[in-house]
Amino acid sequence: MTKKIFPILALSMFTSILGIGIITPFLSLYANEMGASGIWLGAIFTGYGLSSTIVNPIAGRLSDRGGRKRFIMIGLFIYALSSLGYIYAVNAPQLALVRLVQGGAGGMIFPVALAWVGDICEEGEEGKWMGYATAAFFSGFGFGPLMGGVLMEHYGMDLAFSVMGGLNLLAALLVTFLLPEVGQRKITASESISFREMATSGMIRGIFSFRFSQAIGRGAFMVFLPIFAAIYIGLTPMLVGVLISVHVFGMSLLAPFTGHIADRYNRKTLVVFSSVIYLLPLGLIPLAQSFWYLCGLCILQGIASSLSMTASQALVVEEGRKFGMGSTMAMPMVAMGIGMVIGPLTAGVLNDYVSINSVFYFAAGIGAMGTALFVWFTR
């Protein structure tokens, strides 16, 4: 069953995320060219996190009861159509609206897809299959910025947005016609556990805190690293794309290996260790004066992210067997969504009123606090 469903699901998600990755590192530059302030830059990325936070738990809970396929399919179609909004947007508020719509679509896609992977993996192999899922999903984010850098530099952003929409449409068609609706034990309304009951789990609270702080830091990193690299170091869009890509490739290419590690060693210890390794380079970004320095930091962060992602996702699958896979997968996604609301917006204020360096110090500090909370709740 796993071998039947996973390849199609992974290919569909890779295709979708490839399209999303094309524009992600350059959206802040695109908005900056429109004259968006630091606060509006934060708001553009906040819109995505806000709407996905609202949709995630609803889609997760309903997919536990009614099946996964329809939510992934509808979300991909919405993502494809809304991509045209980037082409016609003429100011920062309109860009923020498009991001709001796409965040809702993303809330229907990614937690449900991960829940499906959790459904089909066997006990003791949570790290393995979450590692494969991480590799498939985040490879799209790795190739996307490289592709986006070439498209933006040689053909302009409009073509990049069009390619993004086309790839999500292709993913929607793959899910619609090739993915069977099997591999899940549906939960009835009487079996369903409330989110309040789920919140009594120390592991759920620990993962929520960890993912929340991680999302704040990652949101600040994704929005302001391209600006720091392009404006303060003078890198071309293609080199900015390379920085984002090596960060993501480090995570995706090592994910199958780190997934096996997560099945063999204590997962809580791995989360804490990898978090520390991730946060140190984040705090060193303001010292960068060259492409290669930044590249080395991004590679190290990618390796650490791979280990923390697979280990924490394996822990989520364990909890999902108790509370419902869709509902449980939605919890860290909600944490990430809230973090993506607070992170870019706070980072935008810091950039406008303090300095761009303070953005990265803030991201590292909040990440350290989240890691400490993870240790406390899961003790």
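The values are calculated or read from the model by the stated rules, or taken from the named source; none is laboratory data. Here the structure is a predicted model, which is why all the values come from computation and not from measurement. Don't worry about glycine lacking a Cβ; one is built from the backbone with ideal geometry, like all the others, and counts go over all protein chains shown.
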For segment 290-299, state whether one or more residues are of a type in the set (A, V, I, L, M), more than 21 Å from A135 (Cα to Cα) and not in a loop (DSSP other than H, G, I, E, B).
yes
How many residues, within segment 306-342, are polar (S, T, N, Q) and in contact with a Gly (Cβ under 7 Å, 6 or more places away or on another chain)?
4
Here are the criteria: (1) surrounded by fewer than 24 Cβ atoms within 10 Å (Cβ to Cβ); (2) touching a residue at least 12 places away in the same chain (Cβ under 8 Å); (3) on the phi < 0 side of the Ramachandran plot. Tell me which single one P7 does not satisfy.
(2)
Scanning segment 322-379 for residues that are of a type in the set (S, T, N, Q) and either surrounded by fewer than 24 Cβ atoms within 10 Å (Cβ to Cβ) or in contact with a Phe, Trp or Tyr (Cβ under 9 Å, 6 or more places away or on another chain) (or both) gives S327, T346, N351, S355, N357, S358, T371, T378
Members of segment 221-235 found to be modelled with pLDDT under 85 and out of contact with any Leu (no Cβ under 8 Å at 6 or more places or on another chain), listed by number
M222
Some residue of segment 307-321 being closer than 25 Å to P286 by Cα, modelled with pLDDT of 90 or more, crowded, with 24+ Cβ neighbours inside 10 Å and of a type in the set (S, T, Y)
yes
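Given the criterion without any contact (Cβ under 8 Å) to a residue 40 or more places away in the chain and small (G, A, S), identify the matching residue among A364, A304.
Only one candidate passes the filter, namely A304.
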Whether any residue in segment 221-233 is closer than 19 Å to T24 by Cβ, out of contact with any Asp or Glu (no Cβ under 8 Å at 6 or more places or on another chain) and without any contact (Cβ under 8 Å) to a residue 60 or more places away in the chain is what I want to check.
yes
Segment 333-347, residues that are touching a Leu at 6+ places or on another chain (Cβ under 9 Å) and at pLDDT 85 or above
A347
Please specify each residue of segment 129-180 satisfying the condition of being closer than 30 Å to I261 by Cα and either more than 18 Å from the chain's Cα centre (by Cα) or polar (S, T, N, Q) (or both).
T134, S139, L179
